1. Does Val15 satisfy being in a strand (DSSP E or B), β-branched (Val, Ile, Thr) and within 30 Å of Ile160 (Cα to Cα)?
2. Given Ile166, Ile160, which one is surrounded by 12 or more Cβ atoms within 10 Å (Cβ to Cβ) and either modelled with pLDDT under 90 or on the phi > 0 side of the Ramachandran plot (or both)?
3. Pairs please, first residue from the range 108-126 and under 30 Å from Ala65 (Cβ atoms) and not assigned by TED's automatic domain parsing to the domain that holds Ala65, second anywhere and at pLDDT 90 or above and among the aromatic types (Phe, Trp, Tyr), Cβ atoms under 7 Å, 6+ apart in sequence or on different chains.
4. Name the residue, out of Val103, Val98, Val86, that is under 30 Å from Gly280 (Cα atoms), touching a residue at least 40 places away in the same chain (Cβ under 8 Å) and aliphatic (A, V, I, L, M).
5. Looking at Ser57, Ser34, which is the one that is free of Cβ contacts under 8 Å to residues at least 40 places away in the same chain and farther than 15 Å from Pro95 by Cα?
6. Which of (1) at pLDDT 90 or above; (2) touching a His at 6+ places or on another chain (Cβ under 8 Å); (3) closer than 18 Å to Ser131 by Cβ; (4) not polar (S, T, N, Q) is the odd one out, the single condition Phe212 does not satisfy?
7. Could you list, ordered by first residue, the pairs with Cβ atoms under 9 Å in which the first is in the range 246-260 and assigned by TED's automatic domain parsing to the domain that holds Pro197 and among the charged types (D, E, K, R) and the second is exposed (fewer than 15 other Cβ atoms within 10 Å of the Cβ) and part of a strand (DSSP E or B), at least 6 apart or interchain?
8. Does Gly108 satisfy being part of a loop (DSSP other than H, G, I, E, B), surrounded by fewer than 18 Cβ atoms within 10 Å (Cβ to Cβ), within 25 Å of the chain's Cα centre (by Cα) and not hydrophobic (A, V, I, L, M, F, W, C)?
Amino acid sequence: MSLTLPAPGEISGRVLQPDGQPVTSCSLRLSPVSGGAGSVFTRVRDPDGNFSLSGLSPGEYRVSASSPDGSNSPGTVVLVASGGRVPGIVLTLMPPGVVTGRVLSETGRPIVGAQVHASTTSRAGSSGRGSARSDRDGGFELKGLRPGTYRIQASKDGMIALTEGIVVLSGVVATADIRFRPTGGILVTVFDESGVPIPGASVHVRSTGGIFVPVRPAPIRESVPPTERAGAARDSRRKATQTNEDGVIHRDGIPEGEVTLSVYARGFELGRQNIMVSAGRTMDVQFVLRAGAAKPAVPRKVR
């Protein structure tokens, strides 16, 4: 009995700029359209923009090009037969998009020094990201973004602001102002079924769009020696996310509206519920956890 292995195939072509000039240096990505081995990355370094990828198993591949400035080409699907050669592929690098805007308070005041992030996930599973920090006028500029629909998030001092559905096109500047919403707080108490408080339970808060609301750890005292600051920072963050010895944790700076609370405690099932946060108020919430399930709690009062 003899076994005949498929002969390797090859694809080749050029990478060009929008005006037809060759791209002399860029990155190539080759990915199987369905299953198989993972993506292969290689460099193009050719004065005429030529590239060749050989040793390919038969199948469908998606090939694309990108450069450090954020320019990229749409993925081109190529069918490679056993021992086949597919020449003449042309990949055109398109310039990236840009998003500019301002980060503002709920009253319209510029927010200085906010960290601004852009993120999106395409249908192919690849993502485009960008980050910047707002200036003294609250302004920001996110460069090098691939075409797509983006979520823009700003954060500062434990507060977050979010805007979604920002469409980025190749070579086009889009605008998106981000406004922090009024905030409120929550006071969460976690018990077991016997009514005993559960210390060390982790409480996480997700706001609109599934974004984690960042915590506000207590600042590290200047008297803490430099060699102990890393440990002190970890301890401060732990205290900001876990219940104390009375099973209680207080979180403020949470944007008004519906949020999802998730409680994790060793030896208990996950607890989760949605609540409405009102501006300027603190909502008291109880979680009663048991081994088999987490009992939904009803907010007791607003104060």
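1. No: the conditions fail for Val15.
2. Working: Ile166 fails: either modelled with pLDDT under 90 or on the phi > 0 side of the Ramachandran plot (or both).
Testing whether each residue is surrounded by 12 or more Cβ atoms within 10 Å (Cβ to Cβ) and either modelled with pLDDT under 90 or on the phi > 0 side of the Ramachandran plot (or both) leaves just Ile160.
3. What qualifies is Val116/Phe140; Ala118/Tyr150; Ser119/Tyr150; Thr120/Tyr150.
4. Only one candidate passes the filter, namely Val103.
5. Details: Ser57 fails: free of Cβ contacts under 8 Å to residues at least 40 places away in the same chain.
It is Ser34.
6. (1)
7. Here the result reads Glu256/Met276; Glu258/Asn274; Glu258/Met276, each pair linking the range 246-260 to a residue that is exposed (fewer than 15 other Cβ atoms within 10 Å of the Cβ) and part of a strand (DSSP E or B).
8. no
The values are calculated or read from the model by the stated rules, or taken from the named source; none is laboratory data. Nothing here was measured: the structure is a model prediction, and the numbers come from that model. Because the Cβ atoms are built from the backbone with ideal geometry, glycine has one as well, and the counts that use them run over all protein chains shown.
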